[in-house]
Amino acid sequence: MRVAIIGCGNMGMAYAKSFLQNNLVKPENMLLVARSPARQTELEGRQAGRVVLGITQEVGLYDLVIVAVKPQDFSAVARELRDVVQPHQMVLSIMAGIPIARLQQELAHPLIIRAMPNTPALIGLGMTAYAAAEGLTVRQIRQVENLINSTGRAVFLEQENLLDAATAVSGSGPAYFFYIVRAMIEAGRQLGFDEALAAQLVKQTMLGSFHLLNNSEKSLDELIKAVASKGGTTEAALTVFGERDLAGALIGGISAAERRAGELSKG
Ligand SMILES: NC(=O)C1=CN([C@@H]2O[C@H](COP(=O)(O)OP(=O)(O)OC[C@H]3O[C@@H](n4cnc5c(N)ncnc54)[C@H](O)[C@@H]3O)[C@@H](O)[C@H]2O)C=CC1
Ligand SMILES: O=C(O)[C@@H]1CCC=N1
């Protein structure tokens, strides 16, 4: 498959790296579009494909065009891409918020797949939810899903409108996890550990707890109960979390992320 990437930042390059590592795309079949000469030189150093400056006619030669710029930059990209995109090409957007209908309208192009990955895609452990415009064949959708699967797991959403919820839950999710890990490490530091030891205690706890969750028949409530002895230490912590409505704050934050995706949809 021949793939062009517009927006070679964190996510665009995570995709490029993954496709190359898994031999799904050969370097000679990958086109990286840089916005500035400095970025062009930097991307050339990565040897992840041919690098061009700006959205040239060459972009029209690829099977798939991935748009991975910030949502706020999409309209500027669309003004150039709409003159270059060819009828047979598929366009994969990973931009938060922007619905398929707006992508189709601004690009004057029907064959759109909209996906929401997350940063663990960088190490092949990403979670992506995606939806496809009507008009794409099952074969075309599978071709793109095969690429996405090289970055982790993928789920197809029949209802595109759930993509904003996926953005809030799994797209932004790694940041919530890192936020909680950071707070736990800080607590460990305040209780007397040095940073490195606190980080080790927390990271191994998160890793072990994830695998226990994944391998256990117990529900989350039961898993919590198995740690929290009556009148014990965990219960003391959970009481404070409950008093401060930590769960409510997290749920409220995730709802705000979903609302923000809706705002980004309008440009
Ligand atoms: N960072 C994340 O965790 C996730 C991000 N996304 C989405 O992915 C998109 C990219 O996010 P990041 O990679 O984090 O941003 P980023 O800022 O690292 O990358 C965006 C890149 O687009 C380039 N760019 C902007 N306009 C351009 C143009 N006209 N031509 C060529 N390149 C252009 C910028 O120079 C930059 O390198 C966003 O739309 C975001 O909503 C989706 C899921 C997760
Ligand atoms: O924060 C953002 O807008 C993007 C979308 C999901 C993760 N990062």
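Scan region 27-40 and give yes if some residue there is open to solvent by 10 Å² or more (accessible area, probe 1.4 Å) and without any contact (Cβ under 8 Å) to a residue 12 or more places away in the chain, otherwise no.
Checked region 27-40: at least one residue is open to solvent by 10 Å² or more (accessible area, probe 1.4 Å) and without any contact (Cβ under 8 Å) to a residue 12 or more places away in the chain.
Does Gly49 satisfy the criteria of being within 16 Å of ligand 2 (Cβ to nearest atom) and buried (at least 18 other Cβ atoms within 10 Å of the Cβ)?
Here the answer is no, as Gly49 does not meet what is asked.
State which residue is farthest from ligand 1 (Cβ to nearest atom) when the search covers only region 1-18 and only residues that are open to solvent by less than 70 Å² (accessible area, probe 1.4 Å) and closer than 10 Å to Leu64 by Cβ.
It comes out as Met1.
Say whether the condition of being within 16 Å of ligand 2 (Cβ to nearest atom) and either touching a residue at least 12 places away in the same chain (Cβ under 8 Å) or under 22 Å from Glu145 (Cα atoms) (or both) is met by at least one residue in region 74-87.
yes
Looking at Ser265, is it of a type in the set (Ser, Thr, Tyr) and within 16 Å of ligand 1 (Cβ to nearest atom)?
yes
May I ask you to say which residue of Gly208, Gly192, Gly248, Gly232 is at positive phi and either not hydrophobic (A, V, I, L, M, F, W, C) or not assigned by TED's automatic domain parsing to the domain that holds Tyr179 (or both)?
Gly192
Sort out for me the strands (runs of 3 or more DSSP E) sitting completely within region 104-217 that have 3 or more residues that are away from ligand 2 (no atom under 16 Å from the Cβ) and open to solvent by less than 40 Å² (accessible area, probe 1.4 Å).
Once the strands (runs of 3 or more DSSP E) in region 104-217 are filtered for at least 3 residues that are away from ligand 2 (no atom under 16 Å from the Cβ) and open to solvent by less than 40 Å² (accessible area, probe 1.4 Å), nothing remains.
Does at least one position in region 14-36 carry a residue that is within 16 Å of ligand 2 (Cβ to nearest atom) and either in the same structural domain as Asn149 (by TED's automatic domain parsing) or assigned to a helix (DSSP H, G or I) (or both)?
yes
Here is a yes/no grid of residues against (1) more than 14 Å from the chain's Cα centre (by Cα); (2) on the phi < 0 side of the Ramachandran plot:
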residue	(1), (2)
Val144	yes, yes
Ile148	no, yes
Gly152	no, no
Gln159	yes, yes
Leu163	no, yes
Ser170	no, yes
Tyr176	no, yes
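State yes or no: is Val91 surrounded by fewer than 19 Cβ atoms within 10 Å (Cβ to Cβ) and part of a strand (DSSP E or B)?
Against the criterion (surrounded by fewer than 19 Cβ atoms within 10 Å (Cβ to Cβ) and part of a strand (DSSP E or B)), Val91 does not qualify.
The values are calculated or read from the model by the stated rules, or taken from the named source; none is laboratory data. All figures in this text were calculated on a predicted structure; none of them were measured in a lab. Ideal geometry is used to build each Cβ from the backbone, glycine not excepted, and the neighbour counts take in all protein chains shown. For the accessible areas, the whole protein counts, side chains as well, though only heavy atoms, and no ligand, DNA or RNA atoms are used. Shrake-Rupley method; radii C 1.70, N 1.55, O 1.52, S 1.80 Å.
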